[in-house]
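One structure is given here, and the rest of the page talks about it.
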Amino acid sequence: MALTLPTLQVAELEPPGDTAWLVDELWGHEAVGIIGGAPKCCKSWLALDLAVSVASGTACLGRYAVEDPGPALIYLAEDALGGVRERVAALCAHRGLSLHRLPLHVVTAASLRLDREEDRARLNATIEALQPRLLVLDPLVRLHRLDENSASEISGLLGYLRELNRRHHLALVLVHHMSKKARAHLGQALRGSGDLHAWTDSACYLVRRKAGLQLTVEHRAAPAPEPMLLQLATEPPHLELLGADLPPPPLADAVRDLLRAADGPRSRAALRRALRVNNQRLGEALTSLEGRGLALRTPTGWVLPTAGQLPLLG
């Protein structure tokens with residue numbers, strides 16, 4: 001007799017709770033999805049910003065708090081390894097982070113073909129060893145030799161990635177190109193099979209406008225923020241939000257901004273006056289920063305850690 005599948009009555013299922021985020025409003029906890037856009041629209045910069053944010057626990061784009069920080073794993077098939085290091089170093093310099101202690105790992109293999117069982121097994125073993133919160137694969141076109149317009153071929157690849165996501169409880173970001181044809185819905189403009197759009201839990205679409213890069217976010221099961229404008233800033237290079245109605249930075253990141261600009265240690269009272277927050281909220285932010293090694297308490301006040309003092313995040 002064949003074994004039956006496990007079942008429950010619908011009433012026995014756990015009701016959904018509040019939306020769980022990896023990065024508040026931008027990417028769901030353990031969500032799979034796509035960063036899409038035309039060439040030269042900073043898709044890889046946004047993917048790296050997400051990865052550095054998750055690995056460090058600092059806000060993505062300087063505004064969106066990381067809810068579940070931990071190690072991240074990236075594979076950038078079209079970038080030389082030296083170029084990857086340079087980009088990540090720039091993001092760390094902008095945030096006052098130690099590049100050498102950042103738990104961000106990069107796959108250095110010359111190729112990674114996820115339609116090959118051997119490469120799937122190697123990726124699975126790598127994830128088991130590193131236990132990342134986030135996996136970034138950039139770009140999709142370099143990860144297989146399938147027909148992108150074939151729903152049957154692409155659905156098999158996406159099914160494998162969904163299995164990887166569920167087995168390892170990680171969030172997964174695919175970087176992918178959008179076609180030049182205009183579409184009413186940006187997800188429908190993704191190049192290749194329509195299964196790509198249907199597969200996503202969270203998605204970020206970058207479109208070049210006269211005023212800058214427009215970032216549109218969507219989620220399968222949660223409201224999305226309003227579209228926002230970005231630009232690639234310099235000295236050091238990083239993506240930054242534009243506009244007068246920007247969301248305020250998370251309190252912990254606002255504290256770090258003040259410490260970065262200070263000539264020396266700043267007392268808790270000085271931080272409270274500058275930030276205009278109550279003592280309890282400030283205390284919670286400082287405790288969180290100290291626990292993650294992103295701020296240090298000294299006898300004369302609070303400071304940012306030096307390059308060798310940022311601990312690995314679990």
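The values are calculated or read from the model by the stated rules, or taken from the named source; none is laboratory data. Computed from a predicted model, the values in this text were never measured in an experiment. A quick note on method: Cβ atoms are made from the backbone with ideal geometry, for glycine too, and the neighbour counts reach across all protein chains shown.
List pairs: first residue in region 165-185 and closer than 17 Å to Thr126 by Cβ, second residue modelled with pLDDT under 95 anywhere in the structure, Cβ distance under 9 angstrom, at least six positions apart or on different chains.
Ala171/Asp68
Determine which single condition Ala252 fails, assuming it passes every other condition in (1) without any contact (Cβ under 8 Å) to a residue 24 or more places away in the chain; (2) under 23 Å from Ala90 (Cα atoms).
Failing condition for Ala252: (1).
Suppose we filter region 135-164 for residues that are in a loop (DSSP other than H, G, I, E, B) and either closer than 17 Å to Ile34 by Cα or touching a residue at least 12 places away in the same chain (Cβ under 8 Å) (or both); how many remain?
From region 135-164, those in a loop (DSSP other than H, G, I, E, B) are 139, 143-150; that's our starting set.
In the following step, the residues that additionally are either closer than 17 Å to Ile34 by Cα or touching a residue at least 12 places away in the same chain (Cβ under 8 Å) (or both) were identified as 139, 143-146, 148-150.
Adding up the residues that qualify gives 8.
Please go through region 74-97 and give me each residue that is of a type in the set (A, V, I, L, M, F, W, C), surrounded by fewer than 24 Cβ atoms within 10 Å (Cβ to Cβ) and either at pLDDT below 95 or under 16 Å from the mean Cα position of the chain (by Cα) (or both), ordered by number. Please lay out each step first, then the result.
Of region 74-97, the ones of a type in the set (A, V, I, L, M, F, W, C) are 74, 76-77, 80-81, 84, 88-93, 97.
In the following step, the residues that additionally are surrounded by fewer than 24 Cβ atoms within 10 Å (Cβ to Cβ) were identified as 76-77, 80-81, 84, 88-90, 93.
Within region 74-97, Leu76, Val84, Val88, Ala93 qualify.
Per-residue answers, yes or no, for (1) among the basic types (Lys, Arg); (2) within 21 Å of Gly291 (Cβ to Cβ); (3) surrounded by 14 or more Cβ atoms within 10 Å (Cβ to Cβ):
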| residue | (1), (2), (3) |
| --- | --- |
| Arg220 | yes, no, yes |
| Pro227 | no, no, no |
| Leu246 | no, no, yes |
| Val255 | no, yes, yes |
| Ala269 | no, no, no |
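Being assigned to a helix (DSSP H, G or I) and buried (at least 20 other Cβ atoms within 10 Å of the Cβ): is that true of Leu196 here?
On the way: assigned to a helix (DSSP H, G or I): yes; buried (at least 20 other Cβ atoms within 10 Å of the Cβ): yes.
Answer is yes for this residue.
Touching a residue at least 12 places away in the same chain (Cβ under 8 Å), under 17 Å from the mean Cα position of the chain (by Cα) and closer than 24 Å to Glu78 by Cβ: which single residue out of Leu196, Leu215 fits that description? Outline the logic, then answer.
On the way: Leu196 fails: under 17 Å from the mean Cα position of the chain (by Cα).
Step by step, each of Leu196, Leu215 is checked, and only Leu215 is touching a residue at least 12 places away in the same chain (Cβ under 8 Å), under 17 Å from the mean Cα position of the chain (by Cα) and closer than 24 Å to Glu78 by Cβ.
For region 199-212, name all the residues that are in contact (Cβ under 8 Å) with a residue 40 or more places away in the chain and part of a strand (DSSP E or B). If you could, list the steps in order and put the result at the bottom.
Applying the first criterion (in contact (Cβ under 8 Å) with a residue 40 or more places away in the chain) to region 199-212 yields 199-208.
If the condition is that a residue be in contact (Cβ under 8 Å) with a residue 40 or more places away in the chain and part of a strand (DSSP E or B), then Ser202, Ala203, Cys204, Tyr205, Leu206, Val207, Arg208 are the ones that fit.
Within region 173-185, is there a residue that is part of a helix (DSSP H, G or I) and either farther than 24 Å from Glu78 by Cβ or touching a His at 6+ places or on another chain (Cβ under 9 Å) (or both)?
no
Exactly one of these conditions fails for Thr126: (1) polar (S, T, N, Q); (2) at pLDDT below 95; (3) surrounded by 16 or more Cβ atoms within 10 Å (Cβ to Cβ). Give me its number.
Of (1) polar (S, T, N, Q); (2) at pLDDT below 95; (3) surrounded by 16 or more Cβ atoms within 10 Å (Cβ to Cβ), only one is false for Thr126: (2).
Are any residues in region 129-142 within 18 Å of Arg113 (Cα to Cα) and either of a type in the set (D, E, K, R) or buried (at least 23 other Cβ atoms within 10 Å of the Cβ) (or both), and if so, which ones?
We begin by selecting, within region 129-142, every residue within 18 Å of Arg113 (Cα to Cα); these are 135-142.
Within region 129-142, Leu135, Val136, Leu137, Asp138, Leu140, Arg142 qualify.
Listed residues Ala38, Ala31; which is among the small types (Gly, Ala, Ser) and crowded, with 22+ Cβ neighbours inside 10 Å? Even if it seems obvious, please write down each step before you answer.
Working: Ala38 fails: crowded, with 22+ Cβ neighbours inside 10 Å.
The conditions single out Ala31.
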